[in-house]
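All remarks here apply to the structure that follows.
FYI, it's all coordinate maths here, none of it is from the lab. Just so it is clear, the model here is predicted, and its values are computed rather than measured. Heads up, the Cβs are rebuilt from the backbone with ideal geometry, glycines too, and the neighbour counts pull from every protein chain shown.
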Number of protein chains: 2
Amino acid sequence: MDSAFVEGFLDPASVALVGVPRATGTGAFNVLENLLRFGYRGKVFPVNPKIGSILGFTAYPNVKALPEVPDLAVVAVGRERVLEVVKDCAEKGIKRAVVVTQGFADADDRGSELQDELTQLAEASGLRIVGPNTLGVVNHFAPFSTSFVDVPRDKDPWPVSVICQSGIFHAGPEGFTGKIGKGIDIGNACDVGFTECLEYFAKDPQTRVIAIHMEGIRGGRRFLQVASRVSKEKPVLVLKTGRSDVGSKMALSHTGSMVGEYQVYKAAFKKAGLLDVEDPEELMDAVKALLFLPPMEGNRLGLISFTGAGAIMMADACEAYGMEMAEIPPEELGPIQSLAPEWFKVSNPVDIWPPIMWGGYERAMDTALRLLLGRKDVDGVVFISAALGSPLHADLDPEGRLKNRPFKETKPITVWLYGDDFEGVAERLERNAGVMVYPSATRAVRALSILTRYHTLRERKRVPLGEIPVVEGERRVLMGGEALELLEKYGIPVAPSRMVKGEEEALDAASGLGYPLVLKLVSPEALHKTEVGGVALNIRDAHGLIEAVREMKGRAVKRGLFIEGFLLQPMVEGVELISGIKRDPQFGPVITFGLGGIYTEVWKDFTLGIAPLDENEAREMIDGLRGKAILEGVRGGPSVDKASVVRMLLALSNLAMEVPQIQELDINPIMGSEKGCMAVDCRVIMG
Amino acid sequence: MDSAFVEGFLDPASVALVGVPRATGTGAFNVLENLLRFGYRGKVFPVNPKIGSILGFTAYPNVKALPEVPDLAVVAVGRERVLEVVKDCAEKGIKRAVVVTQGFADADDRGSELQDELTQLAEASGLRIVGPNTLGVVNHFAPFSTSFVDVPRDKDPWPVSVICQSGIFHAGPEGFTGKIGKGIDIGNACDVGFTECLEYFAKDPQTRVIAIHMEGIRGGRRFLQVASRVSKEKPVLVLKTGRSDVGSKMALSHTGSMVGEYQVYKAAFKKAGLLDVEDPEELMDAVKALLFLPPMEGNRLGLISFTGAGAIMMADACEAYGMEMAEIPPEELGPIQSLAPEWFKVSNPVDIWPPIMWGGYERAMDTALRLLLGRKDVDGVVFISAALGSPLHADLDPEGRLKNRPFKETKPITVWLYGDDFEGVAERLERNAGVMVYPSATRAVRALSILTRYHTLRERKRVPLGEIPVVEGERRVLMGGEALELLEKYGIPVAPSRMVKGEEEALDAASGLGYPLVLKLVSPEALHKTEVGGVALNIRDAHGLIEAVREMKGRAVKRGLFIEGFLLQPMVEGVELISGIKRDPQFGPVITFGLGGIYTEVWKDFTLGIAPLDENEAREMIDGLRGKAILEGVRGGPSVDKASVVRMLLALSNLAMEVPQIQELDINPIMGSEKGCMAVDCRVIMG
């Protein structure tokens, strides 16, 4: 959709309201009435066969009877009539529809069918649909709104645009995003989706920050491609909800079973340079910081506090959000120190209460601000301030001091404000002093951490996502030698191995491989070999080998397992690792990496990356492990050559991109040591 | 301090203000002026030799010149003059002082000396001191305040009392605890501390909830004894700040090195039944819920939502705070289902938007409330509601519906409110409908989770903390056999072991113990034996044993280690665990438990309990491990008899209580299996 086309949704010159209710006033949810209250200045055509006119407007019996072709139709009729109405719209030549009606894919099977038909109709006719199951669009600049809830127009909107899947983000703006400018609730997204809206807002001059509320997405890969580009130009925030049903969406295979859906989303957002946030509160806090504060490159904070207790809470918050308190040598704090009594030792956080008591508020504040803001090792400042309403404290005037500070355009300041005049002081500080105010240490620090994150993500090199051909193939499982061969072909070192059927073949193979050896059962019915006695370690000689084959065969027969054969490999020492590929239906191939061994499931310590990976991303996957110290060698134990892990992850990424038939691939274990890493066993599901 | 005595601090009939400034008005920080504005009705005696009178009050040159003995003296003079003034107060017969002055233990060495002298003066004279370095006390009921910051009196205070270490909790009440009733800022706590204040508020009829802000405590054990009792009667919330310097306070020994101070505090709070909160925001949210909502026993929530998106966020929040959404069979939701269109399937969370559209707001809400609140498997309800200011939505009246709900006195409701009329609707709901309002899903769910936590903690059996004699002893380290003997004496099974000096003794010992064996170096200089090659596993025969002793001796000599001897033990199979005792300077003996092996330091998976433990607490220490699945046997690996671990922890707890000389004790490893658990090596520091 080009920009002009989208503007027909957000700022139409004329609009048909199909299914407008007869009733007006309290309880009517009348979109026409709301639209007029919102201040819309375009042409309106109510459509309802049962009324002649409404609120002074002529009502039309149906879309075909309209005197002209409006830019947009807002459809709110029973779900069974929606298709017919949209068809009429298309035939009339209308190019855009917002389908408000519920009861589609959000409801039952019949609803899903109806929605599919709506999608087909959009594709066939070229009429573009926002919805169904939506509050539609809102534009506080225009003004225009399709809302059946009467939300007052904001005449001083912020240049922040929202793409969401719920009207709650339109109806509750102050609680979620601050003062919203434009919003598109894509609802069930039968046609217009996140990607097109994102492309529009990227170019929209009235949008400086984009906020997304996402429950789920279709065409995630394409979205990432667009988002990777847009996030270089404007900050894009994402609030992903629906994380807790992770468990129910667990996949079957081993590494797959640990890949919660939300973690895939998080990896995808990171790859595309999007800023994911935890909840609506963080979304709102971030919007404000990104809109109104100068950018911040580093994470080193200068802190000015009125209170020792507050400074301590601030330090706790810094640790929680990965921010550092700049370490300032005492001798460089002289100008502030000289305002305080001798017994008081100034440091960062700077407690300016004693300097205020001894040297007065104005001097103390000006000195502290000038000193901290002027330092190269301070990227931003958090100021803890009381907002006292009493006239007795009129001299404690943060607004006055902050307004005239130096480095106003280059160093951001957030204020943790408390006290009986919070509202008043907060409003003045934000409006007049160019700082953003938050009601807690945590939120003031977190807001600045968002700026640092944005800088880092924006600067990151974007790995082009490439195209992944759509292939169809029969489901097929590769195990043991066959799977290892595939890895070898893509440059992943694999342990030498021989597939054998029985004792004689085993003895023969052993002489080639050399003792000590490992013997493994190969059976599609035995996923976890150790559980069925399907692994014999440290076989030292021919005698031991024959015994091991016999016993393993016996156990397998006893359990009624189909025996494809036995895999014979030399013992490989090192740290057990696992890695693999999981094809995500939305985002494409996902590379997994984690610690192996029997504790894999206990610690669930793994990381994800969306293919294709670059070196930087592969390295982050290693460093992102909670237990990464194990790779560095614990207590004299073996360490792992990280470069070889990086090479393996990049090779897996290549494999995932070039062989789209792979649905799942699990290397388990990989033995890692100082000499490199080596795949010992592997299982691949093609499909 | 008895109640009447404390009331002399919080509601004195007369007060001397020593060091009252000459200046009044803006910038003066004049406590007299503030006190008058606050509405104090008692007698006031300003003391300042340089002024004759102030604000119409006669000023006295010094304390001795006062015409009568006031109930309280507020001292705000330079730190060097404080002692002299307090001495004067004591001589005059004054029984209570608030020392506002900074620059004591909060500052330099000289300050610490002065504070010690202040403590001694209090002890010797019987005059009790709050402070120094404090804003003092505030009592919105009385009214009385010693604050040098002019905080307006709240004429409708809540029955919540605050014990804190910073005036920020008095000066910013609305942001931290809601509407505070009484507060004592104990500051540096040279004399009056947390324990005495807690004892007072426990009995105070104007206090229903107690909120503590704690930076650190002296006499922690005594505090826990009192808190254990008080928390049975009133909810006690604790916000512990200063958590992030945990690292710098790491202890030296192995398990000790992982015991961050904050974790000891958390364990102590739990033992005493205190509700610890993360930040001031949670403190405020909890105060409101505990004051104004009925208690809640279980964690099963009924959810009523206006919006699908909101319900999803609510589910995320439930998972985050350990709450469950009650699972209601569809057939039992009939009354609500019948109000909705057929395609809409009602479940919990109940999305009442379709029922509202089809059946009207009043019927939908009343039905949903009656149904959910009436269920035995619903302990509380969270309601997501829009607060819409438009007259067109006057029919959406949550206040009207919630006011007349059934089960009002027994089932708590929190409301996640959003929309343009947040403030107005929130205020009416809280005042008239007996529900508490929060601005997010997270906070609405968390508030109810606090009620459940309170119920659980209150019902817990309190283990009497007992008395721990103060002992002095020489520092002495017990290792190997000597340490294991001590464990055995207290009923902890230990691996059979023999201490040997050389090869011959080893052979002799081996014949008694039986092969396979383990050989370990015993040297006070080798804390981590594996790192110096001081452990030889799986020695199968005499030949192997001689070789092992020779080699180990060689390695030790090469490293220049002092060899006390070698410990010989049978190989014990099982899961490696660690456990120990650490004597905390505040809370006394702390029992530690965790997973052992070389990954102990990687995962830092351990739990703590304050001795003496009961069975319940010991079991919680096991279940609290993130990796507890390992004890249950992973993938066919060995499992551990939990009852034997519980017995071991209780035995350690006894040992800790009965041998107060133990400063640190580390059992590493303990081998756990189905047959029980067994200490294999141990090190004790007595002192």
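Semi-axes, largest first, in whole Å: what does sqrt of 5 times each Cα gyration tensor eigenvalue give for the protein assembly as shown? All intermediate terms of the calculation are to be shown ahead of the outcome.
Numbers: eigenvalues 569, 533, 159 Å².
Semi-axes, largest first: 53, 52, 28 Å.
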Measure out, as a whole number of angstrom, how far apart the alpha-carbon centroids of segment A:225-242 and segment A:569-589 sit.
29 Å
Cβ neighbours within 10 Å, averaged per peptide: list B:128-141, A:557-570 in order, most packed at the top.
B:128-141, A:557-570
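For segment A:575-686: lysine pairs with Cα atoms under 20 Å, gap of 8 or more or different chains, count?
Working: A:582/A:604; A:604/A:628; A:628/A:642; A:628/A:675; A:642/A:675.
Within segment A:575-686, the lysine pair count is 5.
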Based only on other Cβ atoms within 10 Å, what is the fewest-to-most ordering of B:449, A:161?
B:449, A:161
Based solely on its DSSP helices, what 222 nm [θ] is calculated for chain A when runs of n ≥ 4 H residues each add -39,500 (n - 2.57) and the sum is averaged over all residues, nearest 500 deg cm²/dmol?
-10500 deg cm²/dmol
So, with points 7 Å from each Cα along the Cβ direction, the residue B:458-residue A:641 label distance in nm works out to 6.4 nm
Local net charge near residue A:116, Cβ-Cβ under 14 Å (Lys/Arg +1, Asp/Glu -1):
-4
Once the mean of 1/r over all distinct C-alpha pairs in segment B:484-538 is inverted, the Kirkwood radius in Å reads 12.7 Å
Using Cβ contacts closer than 10 Å as the measure, can you line up A:358, B:353, B:158, B:416 from fewest to most?
A:358, B:353, B:158, B:416
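Given contacts defined as C-alpha pairs under 8 Å and at least six residues apart, what's the relative contact order of chain A, whole-number percent? Intermediate values should be presented prior to the final figure.
On the way: 1436 pairs, mean separation 61.2, N = 687.
Relative contact order here is 9 percent.
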Calculate the radius of gyration of the Cα atoms of segment A:397-463 to one decimal place, then report Dmax, the largest Cα-Cα distance, as a whole number, both in Å.
14.2, 50
Between residue A:537 and residue A:155, what length comes free when the chain is fully extended (0.36 nm per residue of separation minus the Cα-Cα distance, one decimal in nm)?
130.1 nm
Just to confirm the numbers: residue B:24, label point 7 angstrom along the Cα-Cβ line, distances to the other copies in nm, shortest first?
6.1
Checking the cross-link filter: which lysines have an alpha carbon closer than 16 Å to that of residue A:64, excluding same-chain neighbours under 8 positions apart?
A:50, A:87, A:92, A:95
Degrees, to the nearest 10: A:503-513 long Cα axis against longest axis of chain A
70 degrees
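For segment B:575-686, state the semi-axes of the equivalent ellipsoid (square roots of 5 times the eigenvalues of the alpha-carbon gyration tensor), sorted largest first and rounded to whole angstrom. Don't skip to the end; give the middle numbers.
On the way: eigenvalues 103, 39, 33 Å².
Computed over segment B:575-686, the values are 23, 14, 13 Å.
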Students often get this wrong: which residues of segment B:58-91 have the backbone nitrogen under 11 Å from the point 7 angstrom along Cα-to-C-beta of residue B:124?
B:87
Indicate the gyration tensor shape class of segment B:365-407 (rounded, prolate or oblate), computed on the Cα atoms with a ≥ b ≥ c the square roots of the eigenvalues: a/c under 1.5 is rounded; otherwise a/b larger than b/c is prolate and the rest oblate.
prolate
Here, residue A:616 and residue B:430, labelled 7 Å along Cα→Cβ, have an inter-label distance in nm of 4.7 nm
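Counting other Cβ atoms within 10 Å, which GluC sites (Glu not before Pro) in segment B:308-385 have at most 13 and lie in a DSSP loop?
Details: sites: B:319, B:324, B:327, B:331, B:332, B:342, B:362; in loops: B:327, B:342.
Answer in residue order: B:327, B:342.
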Please give the Cα centre distance for segment B:324-379 versus segment A:643-678, rounded to the nearest Å.
51 Å
Any chance you could count the Lys pairs in segment A:447-577 whose alpha carbons are under 14 Å apart, treating pairs 8 or more apart or on different chains as valid?
5
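Would you kindly calculate the translational diffusion coefficient of segment B:294-459, applying Stokes-Einstein with the Kirkwood radius from alpha carbon pairs, for 20 °C and a viscosity of 1.002 mPa s, and quote it in µm² s⁻¹ without decimals?
Details: Rh = 15.7 Å.
Once the numbers are plugged in, D ends up at 136 µm²/s.
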Take every DSSP beta bridge whose two residues both sit in segment B:3-241, then give the antiparallel share in percent to the nearest 5.
20 percent
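For peptide B:340-346, what's the mean number of Cβ atoms from other chains within 10 Å of each residue's Cβ? Display every interim value, and only then the final one.
On the way: counts 0, 5, 4, 11, 6, 2, 0.
For this peptide, the per-residue mean of nearby foreign Cβ atoms is 4.
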One point scatterer per Cα, no solvent, Debye formula: log10 I(q)/I(0) for chain B at q = 0.07, 0.10 Å⁻¹ comes out as -0.64, -1.02
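Find the percent of Cα-Cα distances in segment A:270-324 that exceed 19 Å, and round it to a whole number. Spell out each step's value before the answer.
Values: 673 of 1485 pairs.
The answer is 45 percent, as a whole percent.
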Taking the axis of the rotation relating chain A to chain B, the A residue whose Cβ comes closest, together with that distance in whole Å, is A:603, 3
Report, as an integer, the average count of C-beta atoms from other chains found within 10 Å of each Cβ along B:24-32.
3
Among DSSP beta bridges whose residues both lie in segment A:4-65, state the antiparallel percentage, nearest 5.
25 percent
Hey, what do the phi angles of segment B:211-223 turn into as Karplus ³J(HN,Hα) couplings, whole Hz, using 6.51/-1.76/1.60 and θ = phi - 60°, x for Gly and Pro?
10, 10, 10, 10, 9, x, 9, 10, x, x, 5, 5, 4
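What is the order of A:276, A:2, fewest Cβ neighbours within 10 Å to most?
On the way: A:276 20, A:2 9.
Fewest to most other Cβ atoms nearby, the residues stand as A:2, A:276.
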Residue B:203 label points, 7 Å along Cα→Cβ, one per copy: pairwise distances from this copy to the rest in nm, shortest first?
7.7
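Can you check what the net charge comes to around residue A:451, using other residues whose Cβ is under 9 Å from the Cβ of residue A:451 (Lys, Arg +1; Asp, Glu -1)?
On the way: positive: A:453; negative: A:297, A:379.
Value of the local net charge: -1.
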Across 10 Å bins beginning at 0, the whole-percent shares of Cα-Cα pair distances in segment B:496-570 come to 22, 59, 19, 0
Shortest first and in nm, the label-point separations between residue B:319 and its counterparts in the other identical copies (7 Å out along Cα→Cβ) come to 2.8
Using only Cα atoms and rounding to the nearest 10 degrees, what angle (0 to 90) does helix A:308-320 make with the longest principal axis of chain A?
50 degrees
